[in-house]
Structures are given as structure tokens and as C-alpha cells.
1. Fewest first, what order do TYR65, TYR10 take by the number of other Cβ atoms within 10 Å?
2. Below 17 Å Cα-Cα, how many Lys pairs turn up in the chain? Only count pairs eight or more apart in sequence, or on different chains, if you could.
3. So who's got an amide H within less than 5 Å of the one on SER60, skipping anything under 5 residues away but keeping other chains? H placed 1.01 Å off N, in plane.
4. Under the rule of at least 5 residues apart or a separate chain, name every residue whose amide H is placed under 5 Å from the amide H of LEU40.
5. May I ask for log10 I(q)/I(0) of region 7-67 at q = 0.16, 0.18, 0.29 Å⁻¹, from a Debye sum over the Cα atoms as equal point scatterers with solvent left out?
6. Could you go through region 33-43 in sequence order and give the Karplus-derived ³J(HN,Hα) for each residue, using 6.51 cos²θ - 1.76 cosθ + 1.60 with θ = phi - 60°, rounded to whole Hz, and x for Gly and Pro?
7. Output ³J(HN,Hα) for region 56-67: one whole-Hz value per residue in order, computed from phi by the Karplus curve 6.51 cos²θ - 1.76 cosθ + 1.60 with θ = phi - 60°, and x for Gly and Pro.
8. With springs only between Cα atoms under 10 Å apart, run a GNM on the chain and tell me which of LYS54, LYS13, LYS29 wobbles the most.
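Just so it is clear, none of the values below were taken in a lab; they were calculated from the coordinates. These numbers were taken from a predicted model, which means no experiment stands behind them. Note that we place each Cβ from the backbone using ideal geometry, even for glycine, and neighbour counts take in every protein chain shown.
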Amino acid sequence: MSEIKSSNYYVDKNTQDNGDHEVHREDCKRLPSPANREYLGNFDCCEDAVEKAKQIFPQSIECFYCSKE
């Protein structure tokens, strides 16, 4: 039985061109600099982190790269 590994997640404070705020795992290559991100917490999956991010930025989405894993 494999163990679920939780990770720290962050939301990008800056919006994309369409107004979205991306949610990234701590090991993502596209993680914004510390000044441009807000810590969301430790979650078992990106979907849970996005729900938390939507409390801050309603237009939050999963990072394409983080959600592939």
C-alpha cells in the first residue's frame, strides 16, 4: 500500500493574462518568487490547495505542470 505524500502549496499573487491565479506545489519549476506567492498550507492534492486559494483569489486554478503529477 502506497502512502500519500502531502506537499506545501502556494498561490501566485500575480494574475495571468486571463485573470487566473495559479496554485503551485513547493517543488514546481514555475513556482513564483517568495515576494509573489502566498503560502496556502500542506495538502494531499492540488485540488484541495485550489479550494483554499479560492478563498483568497476566487479565480484560482491548478498549475498545468503540478496537476500532471
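1. Taking fewest neighbouring Cβ atoms as first place, the list is TYR65, TYR10.
2. Total qualifying Lys-Lys pairs in the chain comes to 5.
3. HIS21
4. TYR9, TYR10, VAL11
5. Reported log10 I(q)/I(0), two decimals: -0.38, -0.48, -1.37.
6. Once rounded to whole Hz, the list reads 4, x, 5, 10, 9, 10, 5, 9, x, 9, 9.
7. Values, residue by residue: 9, 10, x, 9, 10, 9, 6, 5, 4, 6, 5, 6 Hz.
8. Looking only at LYS54, LYS13, LYS29, the largest GNM fluctuation is found for LYS29.
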